[in-house]
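Please read the structure below before turning to the comments.
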Amino acid sequence: MADQTKRGLTIVTGAAGALGACVARELSDKGFRVCAVDLKPVPEQDGVLVYGGHVDLTNFEDVERSLSEITDQLGPVENLVNIAGGFAWETLADGSVNTWNRMWAMNLQTALHMSMAGLQQVKVSKGCIVNIGAAGAAKADLGMGPYAASKAAVEKLTETLSKELRPSGGRANAVLPSIIDTPANHDGMPGSDTSDWIPPGDIAHLVGFLLSDSARCINGALIPITCGA
């Protein structure tokens, strides 16, 4: 395990969810100093620092305030892992503009706000931002418009962040999973064939690699993790 005292802070958003909790645990096990944040209460995990305030990641002022409190207590940010997000299936004929706005807020704004608030610290630390996109954003199927559009925007955010970070030695990449094997997805899609669903631990391993020195030449990458589906 690396010496944590020599590391800056790695912020993991969406850490109350199955994927976020798994990524926080994986990174902590790899020696990163991890601070877990979410709007919902974050379960305690050994080795993971939990920010006690609930952060509304769709509100930029709340993100700025929370990040200032975190860094005052724990030191500067080195990496950001933007996992917070959500899903909705809805056709245009039966749907609402509110769903599009909600997906935009949950999937793009959460990543955008934390990236904007922490960007300067990541630059100084020569750190990395990893965003969670979606393989399904490449081609929106029936009912997938609001979700796919918001995740496609996450990809564009990642690409432009990679250009902004490059002169300082920082990096930005995105992981694009297909369906993740979580309790929520099992509940939402009962009876589905889960053989190609992606274990959260596999995504966590990839995130850990992207934050590591071994990935120092990977910047602006949009990496699918789909079992070839």
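Among the numbered conditions (1) modelled with pLDDT of 95 or more; (2) farther than 21 Å from Q120 by Cα; (3) outside any helix (DSSP H, G or I), the only one that H54 does not meet is (1).
Taking (1) modelled with pLDDT of 95 or more; (2) within 28 Å of E78 (Cα to Cα); (3) not basic (K, R) in turn, I180 satisfies each apart from (1). Can you work out which of the residues in segment 55-65 that are of a type outside the set (D, E) and surrounded by fewer than 22 Cβ atoms within 10 Å (Cβ to Cβ) is farthest from the chain's Cα centre (by Cα)? Filtering segment 55-65 for residues that are of a type outside the set (D, E) and surrounded by fewer than 22 Cβ atoms within 10 Å (Cβ to Cβ), the one farthest from the chain's Cα centre (by Cα) comes out as R65.
The residue that is nearest to the chain's Cα centre (by Cα), among those in segment 87-110 that are among the polar types (S, T, N, Q) and exposed (fewer than 14 other Cβ atoms within 10 Å of the Cβ), is N101.
Of all the residues in segment 28-45, those that are without any contact (Cβ under 8 Å) to a residue 24 or more places away in the chain and either in a loop (DSSP other than H, G, I, E, B) or touching a His at 6+ places or on another chain (Cβ under 9 Å) (or both) number 1.
Restricting A18, A84, A36 to residues that are of a type in the set (G, A, S) and open to solvent by 30 Å² or more (accessible area, probe 1.4 Å) narrows the list to A18. Contact map, segment 195-213: first residue in a loop (DSSP other than H, G, I, E, B), second residue open to solvent by 10 Å² or more (accessible area, probe 1.4 Å), Cβ cut-off under 6 Å, separation 6 or more or different chains; pairs are D196/C227; D196/A229; W197/I179; W197/D181; P199/D181. Entry remark, segment 114-136: residues being open to solvent by 20 Å² or more (accessible area, probe 1.4 Å) and either modelled with pLDDT of 95 or more or assigned to a strand (DSSP E or B) (or both) number 10 in total. Restricting to segment 27-57, name every residue that is touching a Phe, Trp or Tyr at 6+ places or on another chain (Cβ under 9 Å) and under 16 Å from A117 (Cβ atoms). Correct list: C35, V37, D38.
The values are calculated or read from the model by the stated rules, or taken from the named source; none is laboratory data. In this text, all values refer to a predicted model and were calculated from it rather than measured experimentally. Here Cβ is always computed from backbone atoms with ideal geometry, including for glycine, and neighbour counts include all displayed protein chains. Just the protein is used for accessible areas: all its heavy atoms, side chains included, with ligands, DNA and RNA removed. Shrake-Rupley method; radii C 1.70, N 1.55, O 1.52, S 1.80 Å.
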